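What follows is a set of notes on a single structure, which appears directly below.
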Amino acid sequence: LGAGYDTRAYRFEQLKRRVRVFEVDHPATQQIKIEKLKKTLGSLPDHVVYVPIDFEKETLKERLLESGYDPSLRTLFILQGVVMYLTPEAVDHTLSFIAKNSAPGSSVVFDYVYKSVVEGSWKRGEANSMRRYEKLTGEVLRFGIEEGKVDEFLTQRGFCQIHNADSEYLKNRYFTGKNQKRDVAPVYAIVRATAKPQIQAQTD
């Protein structure tokens with residue numbers, strides 16, 4: 001979701017043989033990507049479905065379902081560099097769709113910033129850099145989750161098995177050896193969660 005110029009679907013051989021990929025993105029960005037892919041690859045790959053959407057005006061339910069998405073199949077939803085630029089209402093609509101329209105075992109993974117960054121109360125350098133970036137790109141930070149509250153946030157929206165990777169985890173896990181002195185911005189985290197199985201209503 002919000003695929004941008006991500007190339008996972010074209011780099012990972014396992015996806016080409018076994019997985020159907022839906023790239024969901026703004027129509028303008030997606031069209032540029034499609035044109036570049038045709039020039040680079042010669043043709044568009046069969047295992048990728050392109051789904052143009054404006055998250056602020058359209059719903060995943062209408063756009064994905066009409067594009068051939070099957071809610072009965074296990075799915076991994078990836079939102080990289082997306083959530084923080086959506087309105088809280090758009091985030092809730094997106095998570096609601098995932099929770100209610102995916103098979104057991106389906107998951108979502110997304111990165112997010114803390115609410116203090118969006119509200120402007122975090123005054124450290126990383127947040128200031130983000131605000132300067134807003135002025136350059138016009139992409140305003142609109143959504144954040146309160147630090148330490150992501151489990152509660154996602155549980156309330158129908159998710160379980162929540163694993164949050166904050167800056168400390170990312171630093172210890174990935175920045176070792178010659179990279180151990182690199183800093184990881186403490187305003188940022190990545191979370192993965194599994195959609196709770198939907199309880200089917202029983203009828204007589």
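Using the structure shown, decide if S67 is of a type in the set (G, A, S), under 26 Å from F153 (Cβ atoms) and assigned to a loop (DSSP other than H, G, I, E, B). Taking the combined requirement at face value, the residue does not satisfy it.
Being β-branched (V, I, T) and either farther than 22 Å from A195 by Cα or open to solvent by 80 Å² or more (accessible area, probe 1.4 Å) (or both) is a property that does not hold for I78. Do we find a residue being in a strand (DSSP E or B) and farther than 20 Å from V187 by Cβ anywhere in region 101-110? The answer is yes; a qualifying residue exists. Scoring L95 on the criteria (1) open to solvent by 20 Å² or more (accessible area, probe 1.4 Å); (2) assigned to a helix (DSSP H, G or I); (3) closer than 30 Å to A185 by Cα; (4) not β-branched (V, I, T) leaves a single failure, condition (1). Checked against the criterion of being modelled with pLDDT of 85 or more and closer than 30 Å to S72 by Cα, the candidates R192, R173, R182 yield just one match: R192. Scanning region 60-75 for residues that are surrounded by fewer than 14 Cβ atoms within 10 Å (Cβ to Cβ) and within 29 Å of L141 (Cα to Cα) yields a count of 1. Candidates V19, V117: the one that is at pLDDT below 95 and open to solvent by less than 40 Å² (accessible area, probe 1.4 Å) is V117. Can you confirm whether region 41-49 contains a residue that is part of a helix (DSSP H, G or I), touching a residue at least 24 places away in the same chain (Cβ under 8 Å), touching a helix residue (DSSP H, G or I) at 6+ places or on another chain (Cβ under 9 Å) and surrounded by fewer than 11 Cβ atoms within 10 Å (Cβ to Cβ)? Among the residues of region 41-49, at least one is part of a helix (DSSP H, G or I), touching a residue at least 24 places away in the same chain (Cβ under 8 Å), touching a helix residue (DSSP H, G or I) at 6+ places or on another chain (Cβ under 9 Å) and surrounded by fewer than 11 Cβ atoms within 10 Å (Cβ to Cβ), which makes the answer yes.
P71 - would you say it is within 28 Å of A103 (Cβ to Cβ), without any contact (Cβ under 8 Å) to a residue 60 or more places away in the chain and within 19 Å of the chain's Cα centre (by Cα)? Yes.
The values are calculated or read from the model by the stated rules, or taken from the named source; none is laboratory data. Note that the coordinates shown come from a computational prediction; the quantities given were computed from them, not determined experimentally. Every residue, glycine as well, gets a Cβ built from its backbone with ideal geometry; the counts of neighbours run over all protein chains shown. Surface accessibility is based on the protein's heavy atoms, side chains included, excluding ligands, DNA and RNA. Shrake-Rupley method; radii C 1.70, N 1.55, O 1.52, S 1.80 Å.
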